[in-house]
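The values are calculated or read from the model by the stated rules, or taken from the named source; none is laboratory data. This is a predicted model, so every value here is computed, not measured. A quick note on method: Cβ atoms are made from the backbone with ideal geometry, for glycine too, and the neighbour counts reach across all protein chains shown. These accessible areas exclude ligands, DNA and RNA; they are computed on the full protein's heavy atoms, side chains included. Shrake-Rupley method; radii C 1.70, N 1.55, O 1.52, S 1.80 Å.
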Amino acid sequence: MPPLLFRQKERLQCASLSTRSPHPFSFHCFAPFYSVVQAIMPPKPLDYESLNENVKKVAYAVRGELYLRASELQKEGKKIIFTNVGNPHALGQKPLTFPRQVVALCQAPFLLEDPNVALLFPADAIARAKNYLSLTSGGLGAYSDSRGLPGIRKEIAEFINRRDGYPSDPELIFLTDGASKGVMQMLNSIIRNDKDGILVPVPQYPLYSATISLYGGSLVPYYLEEEENWGLDLDNVKKSVAAARSNGITSSIEQLQCIISACYILIRAMVIINPGNPTGQCLSEANLKEILLFCYRENLVLLADEVYQQNIYQDERPFISARKILLDMGPPISKEVQLVSFHTVSKGYWGECGQRGGYFEMTNLSPQTVDEIYKVASISLSPNVPGQIFLGLMVNPPKPGDISYLKYTAESKAVLDSLRRRAHIMTDGFNSCKNVVCNFTEGAMYSFPQIRLPPKAIEAAKKAGKAPDVFYCLKLLEATGISTVPGSGFGQKDGVFHLRTTILPAEEDMPAIMASFKKFNDEFMEQYENYRGFSRI
């Protein structure tokens, strides 16, 4: 039958069917047409192939393949020890009593009217709860200013003044839902397009690589020196800048020359993580001075991730803020270098990750820039108010003479002392294993041992379609239930392999965990190559 007559016959059939159908049109009559249209229609906006390419570039190993496999095994009934993320309360750390008392009263203000409230809560907790509620416009259920409650920003400014010895302006402090949101907000303000480069330490916390990818910037790595306890060598930073320039990335000093020579990528910021994540090193005063001088000469904004400033496990290298060193250096550097510093309630001895309380402080940013950052913060209306109160309590804890002071200090000291012991247990445990070497965790919450994989293990990983450190960590997970993060998720030198684990499992569980790790590791090494021994770095 000719095509035209066929289509006419089909229309007549459909018309006949439609008169007998309760509906004016019968779908099956249009099925052939629908199939053709479907075949030629473009993908829907949220089909995978239509997504923003920057979204697809994002990688976040902390919640990546290993975490997903660990979650599957947990559903199957296997006991999993999640050491992949710095999440203290999930691994058994108890919350500090005083901040939870204050926030409980703020969340349930009717308790303050109960005549028996003083039998359940100490007087200083009651007073602090009443004070915080007076700072809000309607309790914890009401939005705050987009920068955070002014009274809490004032408490943070006073904390910074005590810490650094220099006044801080509350108007330059913005509260955020965890420090990560602040980091993302600042990178969003800095990165304009894929021509903007950000210097990031490697190994690095993947928040930075993921966010730079998401916003379409260029990550410029500078390597920390494992042989020097993950120290920062400024020569490595300079080499990274030189290598980036040879690839078309440059600092703003050479921007005009690059415009002429068609180099359009500009290094605009440098990130430091102090104490380090995943490496645990603490930057010295000399390091910080070198970094600030470098940023001054190269016209870079310094992003100082200082969320682990309370987590220090040695006495030789205490935490010193980048802001203090900057202001100690005096003019012109102290007046010229732009600095943004980040802190949070998620780390330290608080470990209140789920409360999502963080802040950033800006130094030497123009009022116009601050206004623009405020405008963007206003899109989200308000950081969460309970998290803000946790911040206020962290920076302004009970003082000597307060009813809760002794209990608060005893709880805080117990957490920090235990973390220090756990840092030693884990470092010593790793260094007792075949082909494993580990620098001591000076600060933060992690160990980052190097795993010296035999060639046969690397070959096996390749056959399995896995990166060698991913292969090792998956085998570890399946055998022991210990969920870690492969070093490739943080960046590492070619041919060198690591894993990151937190030091957060309960102290009483640590010997058994390290014994389990050692048993797996030594059997793994024997399986893939007879142990020949390696000397420690």
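Points to keep in mind about this one:
- Under-5 Å amide H pairs with Val220, H placed in peptide plane, nonlocal only: Ile198, Leu199, Val200
- Dipole magnitude of the chain about its Cα centre (Cβ charges: Lys, Arg +1; Asp, Glu -1), debye to nearest 20: 1460
- Antiparallel content of DSSP bridges confined to the chain, in %, to 5: 45
- Computed from label points 7 Å out along Cα-Cβ, the spacing between Ala286 and Asp494 is 3.2 nm.
- FRET efficiency for Leu68 and Asp509, using Cβ-Cβ distance with R0 set to 22 Å, rounded to 0.05: 0.40
- Relative to the longest principal axis of the Cα atoms of the chain, helix 65-75 runs at roughly 90 degrees.
- The angle between the Cα long axis of helix 510-528 and the main principal axis of the chain comes to about 50°, on a 0 to 90 degree scale.
- Residues of the range 347-381 with amide N under 19 Å of the 7 Å Cα→Cβ point at Glu171: 360-378
- Accessible area in square angstrom per residue, the chain, 1.4 angstrom probe: 47
- Distances between placed amide hydrogens fall under 5 Å for Gly231 paired with Glu225, all partners being 5 or more residues away or on another chain.
- Simple spin-label estimate for Glu529 and Arg162 in nanometres, 7 Å along Cα-Cβ: 5.3
- For the range 445-450, backbone phi angles converted through the Karplus equation (6.51, -1.76, 1.60; θ = phi - 60°) give residue-by-residue couplings of 9, 9, 10, 9, x, 8 Hz, Gly and Pro being listed as x.
- Loop exposure criterion: trypsin sites (Lys or Arg not before Pro), DSSP state outside H, G, I, E and B, at most 11 other Cβ atoms within 10 Å. Applied to the chain, the longest stretch between such sites is 80-531.
- Degrees, to the nearest 10: 405-431 long Cα axis against longest axis of the chain: 70
- Taking amide H as placed 1.01 Å from N in the peptide plane, Val485 has its amide H under 5 Å from the amide H of Arg500, each at least 5 places away in sequence or on another chain.
- From the coordinates shown, Kirkwood radius over Cα pairs in Å corresponds to which of (i) 25.3; (ii) 24.2; (iii) 26.2: (iii)
- What a 1.4 Å probe finds exposed on the range 330-473 is 58% carbon and sulfur by accessible area, rounded to a whole percent.
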